[in-house]
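Colleague: The following block contains the structure, expressed as structure tokens.
Bear in mind that the values in this text are calculations on the coordinates, not laboratory data. Treat the numbers as computed from the prediction; the structure is a model and nothing was measured. Ideal geometry is used to build each Cβ from the backbone, glycine not excepted, and the neighbour counts take in all protein chains shown.
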Amino acid sequence: MRHRIELRHLQTLRALRQVDSLAEAANVLALTQSALSHQLRELEQRLDVPVIVRKSRPVRLTAAGELLADLAEQVLPQVEQTEQRLAQLAGGQSGRLNLVIECHSCFNWLMPVLNAYREHWPDVELDLSNAFHFDALPALLRGDVDLVVTADPDTSLALAYAPLFRYESVLVLAPDHPLMKVPQITAERLAEETLISYPVSKEKLDVYRLFMAPAGTWFRDVRQTELTLMMLQLVASKRGVAVLPNWAVADFAAQNLVATRSLRKGGIWNTLYAAIRPEAQALPYMAHFIERARATCFETLKGIAPVPE
């Protein structure tokens with residue numbers, strides 16, 4: 001007997017309850033919006049009742065949709081917990097997960113991921129550090145660390161890269177900075193500014209690799225800090241400009257503490273990856289961490305986009 005309600009339907013209703021639009025729900029579920037719409041129509045045909053209010057913004061569930069979302073909240077955590085226990089029984093229930101962050105703006109979303117992860121994998125030894133003072137990818141290849149969050153994959157190394165999401169690197173300025181008035185940002189004009197950045201080599205920075213290096217130029221001066229908040233304070237006080245992921249500055253820009261601009265028409269976009277050793281792909285606790293990290297990003301970060309398949 002084929003049940004009319006499947007787990008994927010419950011996952012969809014849970015996602016719709018958590019976000020404001022079909023597009024956002026599609027991102028959370030790693031589906032295209034058309035695939036999500038097709039799934040909803042199929043479910044409504046099976047049940048002979050609508051589950052969402054069409055053309056509502058934010059998206060609203062019908063009474064039937066709310067009933068299914070309530071069921072999802074009860075059932076899915078039990079299913080996920082059981083899947084984790086089964087995975088532990090199948091092997092790989094304990095181990096080491098030493099994480100290194102090359103994306104220095106990622107700590108804010110990573111900490112909730114780690115807190116939830118510890119509950120599911122209490123026997124996995126977790127450690128977290130940044131890559132300010134060493135080359136993380138060679139360390140990963142040697143086995144010194146186990147996962148690196150990076151936006152600069154090295155394809156010459158025998159590593160596996162799991163894409164997490166795409167993001168735009170935006171220019172961050174004081175709201176009344178003169179560059180807010182120019183029609184287009186150019187590398188030559190940026191070369192007159194002081195860059196506020198994290199303490200890494202310029203080769204690790206998106207703004208160098210994707211914008212300044214192709215133009216053969218660089219900033220007149222660079223000032224470094226390990227703290228994002230300090231960086232934004234320096235920008236707000238006109239000590240320089242910064243280039244950061246769009247999601248890292250969205251809330252500050254919304255409060256008019258700083259302003260942002262795209263570096264070119266359409267923006268400069270890059271992909272954030274979780275890098276692991278190829279053999280680690282078979283470890284259940286590693287796969288779950290990557291899946292949970294990706295899902296959390298789409299639930300919490302503004303302005304990111306899925307990586308095209």
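Colleague: As a check on your grasp of the helix formula, calculate [θ] at 222 nm for the chain: sum -39500 (n - 2.57) over DSSP H runs of n ≥ 4, divide by the residue count, round to the nearest 500.
Modeller: Calculated at 222 nm, the ellipticity per residue is -12500 deg cm²/dmol.
Colleague: Let me make sure I get this right: for the stretch 102-189, a, b and c are the square roots of the gyration tensor eigenvalues over alpha carbons, sorted descending. Under 1.5 in a/c it's rounded, otherwise prolate if a/b > b/c, else oblate. Which is it?
Modeller: Prolate.
Colleague: Under 4.7 Å Cβ to Cβ, no partner at all: give me those cysteines from the chain, in residue order.
Modeller: Cys297
Colleague: Tally Lys and Arg at +1 and Asp and Glu at -1 over the other residues with C-beta under 12 Å from the C-beta of Val307: what net charge comes out?
Modeller: +1
Colleague: Follow-up. Express the relative contact order of the chain as a whole percentage, based on alpha carbon pairs under 8 Å and six or more residues apart in sequence.
Modeller: Relative contact order for the chain comes out at 23 percent.
Colleague: Helix 33-47 versus the longest principal axis of the chain: what is the Cα-based angle in degrees, 0 to 90, to the nearest 10?
Modeller: Helix 33-47 sits roughly 10 degrees off the main axis of the chain.
Colleague: Under the classification rounded if a/c is under 1.5, otherwise prolate if a/b is larger than b/c and oblate if not, where does the chain fall, given a ≥ b ≥ c as square roots of the Cα gyration tensor eigenvalues?
Modeller: Judged from the Cα gyration tensor, the chain comes out oblate (a/c at least 1.5, b/c at or above a/b).
Colleague: Is the shape of the stretch 7-89 best called rounded, prolate or oblate, per the rule: a/c under 1.5 gives rounded, else a/b larger than b/c gives prolate, else oblate, with a ≥ b ≥ c the square roots of the Cα gyration tensor eigenvalues?
Modeller: It is prolate, given that a/c is not under 1.5 and a/b is the larger ratio.
Colleague: OK, next. State, to one decimal in nm, how far the label point of Ser201 lies from the label point of Thr225, with both points 7 Å from Cα in the Cβ direction.
Modeller: Modelled inter-label distance: 2.6 nm.
Colleague: Give, in nm to one decimal, the length gained when the segment between Val49 and Glu299 is fully stretched (0.36 nm per residue of separation minus the Cα-Cα distance).
Modeller: Going from the current span to full extension adds 87.2 nm.
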